[in-house]
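J.: Structure incoming, see below.
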Amino acid sequence: MKQESTALPLTKQEPNYHEPSAPDLARTRPRLAIVVPCFNEELVIGETVRRLAAVLRDLRERGQVAPDSFLFFVDDGSADKTWGLLLDLNQSNPEVKGLKLARNFGHQNAVLAGLLTVRHRADCVISMDADLQHDEQAIYDFLGKYRDGADIVYGVRRDAGNVPLSKKVGSSLFYWLMTSMGAKVVKGHPDYRLVSARVLDTLADYKEVNVFLRGIFANMGFRSEVVYFDVHDRAAGTTHYSWRKMIALALDGVTSFSVVPLRIIAIGGVLITLGALAVAVFIIFSAIRGDVVPGWASTVLPIYVLGGIQIMTLGLVAEYIGKIYSEVKQRPRFITEQELS
Ligand code: UDP
Ligand code: MG
């Protein structure tokens, strides 16, 4: 009996799916969710809510987003008053929604949690930082590109004059490393972007545990656009991205999207073996000529040759590990954008 009652509305709703106006509205006046990860942001959260709510109100009044658009905060295990403040803000402003993670899972997982939680409640989702460094005025441009048909809109930093040099160097280095390893990322793009509902559905098919969202989205395809935004100083509080966390993120980025480091071992092994063979010829000639200390050739020859062969076989094993790694990630083997029926 219970099953019937849940099955019935589903079949009843099906014709709606084909109503021409629904998909149109999803583009022209989408239900927008803004996902904001927060980790110990008590100093800034009130101001963030105030500013984002103002943008949302304005968008509603202009008829650019659906009335039930909302803000979605993910408290990533804050130890301060962040969650308490969010509860209060939700009382006075019901469009403030959110969830609290059981502990600190890290920025990427917090964004992922938000995106996957709102996936069936929104037509498009914007993710941005809680500290107002990502200029909220760019949201208008994001929506413009989305209305024109983009499924992913990347926010890219306009000349980041006020970003510390260390961060600039770090991010340039990271971009260079990623691209030279053959992984796709958008230059100057932090986790400030808009994605459509179908991109979120695809995201749900990425089962990996080490999440590097920038790489995942860049990897998907779909129609994507770029919006430039100004970087502001943190409205309050301090960064939670230490060098340690940045290096960990960069390592995740490279190792999740490239097997080139493993391949370097194999190539290195082959080169060393070839070198060892050349040296071997020299050693054998020297031994035959007899101008070497007895025992030298038989000691040195195996060191070179075996060293090369060892690294080469290690590279071979690494190739298989690379295969195993990509198999266990179980990423989608293809992503459909449109189907003709
Ligand atoms: N953040 C998070 N979990 C963490 C670290 C950071 O949810 O473990 C959030 C943080 O609250 C902010 C965003 O991720 O909204 C970016 O962090 P932050 O501003 O400290 O980094 P930065 O902008 O300095 O790179
Ligand atoms: Mg920040």
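The values are calculated or read from the model by the stated rules, or taken from the named source; none is laboratory data. This structure is a prediction, so every number in the text was calculated from the model and none was measured. Because the Cβ atoms are built from the backbone with ideal geometry, glycine has one as well, and the counts that use them run over all protein chains shown. All accessible areas refer to the heavy atoms of the entire protein, side chains included, with ligands and DNA or RNA removed. Shrake-Rupley method; radii C 1.70, N 1.55, O 1.52, S 1.80 Å.
J.: For the range 221-242, what are the residues that are more than 10 Å from ligand 1 (Cβ to nearest atom), in a loop (DSSP other than H, G, I, E, B) and either open to solvent by 80 Å² or more (accessible area, probe 1.4 Å) or hydroxyl-bearing (Ser, Thr, Tyr) (or both)?
T.: Within the range 221-242, Arg223, Asp233 meet the criteria.
J.: Next up: Could you list, in sequence order, the residues of the range 147-190 that are among the hydrophobic types (A, V, I, L, M, F, W, C) and either part of a helix (DSSP H, G or I) or touching an Asp or Glu at 6+ places or on another chain (Cβ under 7 Å) (or both)?
T.: Taking the range 147-190 as the starting set, the residues that turn out to be among the hydrophobic types (A, V, I, L, M, F, W, C) are 150, 152-153, 156, 160, 163, 165, 169, 173-174, 176-178, 181, 183, 185-186.
Residues satisfying the conditions are Ala150, Val153, Leu165, Val169, Leu173, Phe174, Trp176, Leu177, Met178.
J.: Let me ask something else about it. Considering every residue within the range 262-270, establish whether at least one is farther than 30 Å from Tyr325 by Cα and either touching a strand residue (DSSP E or B) at 6+ places or on another chain (Cβ under 6 Å) or among the basic types (Lys, Arg) (or both).
T.: To start, the set of residues in the range 262-270 that are farther than 30 Å from Tyr325 by Cα comprises none.
The answer is no, given that none of the residues of the range 262-270 is farther than 30 Å from Tyr325 by Cα and either touching a strand residue (DSSP E or B) at 6+ places or on another chain (Cβ under 6 Å) or among the basic types (Lys, Arg) (or both).
J.: Same structure, new question: Of the residues Glu319, Glu337, which single one is outside any helix (DSSP H, G or I) and in contact (Cβ under 8 Å) with a residue 24 or more places away in the chain?
T.: Just a single option satisfies the conditions, and that option is Glu337.
J.: Report yes if Arg263 is assigned to a helix (DSSP H, G or I), at pLDDT 90 or above and within 16 Å of ligand 1 (Cβ to nearest atom), otherwise no.
T.: no
J.: Now for a separate question. Give me a count of the residues in the range 115-134 that are more than 9 Å from ligand 1 (Cβ to nearest atom) and either aromatic (Phe, Trp, Tyr) or buried (at least 18 other Cβ atoms within 10 Å of the Cβ) (or both).
T.: Let us first name the residues in the range 115-134 that are more than 9 Å from ligand 1 (Cβ to nearest atom), namely 115-127, 132.
So of that shortlist, the ones also either aromatic (Phe, Trp, Tyr) or buried (at least 18 other Cβ atoms within 10 Å of the Cβ) (or both) come out as 115, 118, 122-127, 132.
Looking only at that region, the number is 9.
J.: Continuing with this model, one more query. From (1) at pLDDT 90 or above; (2) of a type outside the set (Asp, Glu); (3) closer than 19 Å to His107 by Cβ; (4) outside any loop (DSSP other than H, G, I, E, B), pick out the condition that doesn't hold for Thr202.
T.: (3)
J.: Name every residue in the range 115-160 that is within 16 Å of ligand 2 (Cβ to nearest atom), more than 14 Å from the chain's Cα centre (by Cα) and among the small types (Gly, Ala, Ser), in order of residue number.
T.: Ala130, Ala138, Ala160
J.: Quick check on my filter: what residues within the range 282-297 are open to solvent by 80 Å² or more (accessible area, probe 1.4 Å) and either under 19 Å from Gly269 (Cβ atoms) or more than 53 Å from the chain's Cα centre (by Cα) (or both)?
T.: Ile284, Phe285, Ile288, Arg289, Asp291, Val293, Pro294, Trp296, listed by residue number.
J.: Among Leu99, Leu112, Leu86, which is the only one that is in contact (Cβ under 8 Å) with a residue 12 or more places away in the chain, part of a helix (DSSP H, G or I), surrounded by fewer than 23 Cβ atoms within 10 Å (Cβ to Cβ) and more than 15 Å from ligand 2 (Cβ to nearest atom)? Working first, answer last.
T.: Working: Leu99 fails: part of a helix (DSSP H, G or I); Leu86 fails: surrounded by fewer than 23 Cβ atoms within 10 Å (Cβ to Cβ).
Going through Leu99, Leu112, Leu86 in turn, just one is in contact (Cβ under 8 Å) with a residue 12 or more places away in the chain, part of a helix (DSSP H, G or I), surrounded by fewer than 23 Cβ atoms within 10 Å (Cβ to Cβ) and more than 15 Å from ligand 2 (Cβ to nearest atom): Leu112.
J.: Which pairs do you get when a residue that is open to solvent by less than 10 Å² (accessible area, probe 1.4 Å), found in the range 175-191, comes within reach of a residue that is among the β-branched types (Val, Ile, Thr), reach meaning Cβ atoms under 6 angstrom, with the pair 6+ apart or on two chains?
T.: These pairs meet every condition: Met178/Val185; His189/Val156; Asp191/Val111.
J.: Look at the range 24-47 and say how many of its residues are farther than 19 Å from Thr117 by Cβ and under 23 Å from the mean Cα position of the chain (by Cα).
T.: Counting residues in the range 24-47 that are farther than 19 Å from Thr117 by Cβ and under 23 Å from the mean Cα position of the chain (by Cα) gives 1.
J.: Additional query: Which of the residues spanning the range 34-69 are under 16 Å from Ala122 (Cβ atoms), of a type in the set (Gly, Ala, Ser) and either out of contact with any Asp or Glu (no Cβ under 9 Å at 6 or more places or on another chain) or surrounded by fewer than 20 Cβ atoms within 10 Å (Cβ to Cβ) (or both)?
T.: Ala66, the sole residue that qualifies.
J.: When only residues in the range 243-254 that are open to solvent by less than 50 Å² (accessible area, probe 1.4 Å) and either outside any helix (DSSP H, G or I) or among the hydrophobic types (A, V, I, L, M, F, W, C) (or both) count, which is farthest from ligand 1 (Cβ to nearest atom)?
T.: So the residue we want is Val254.
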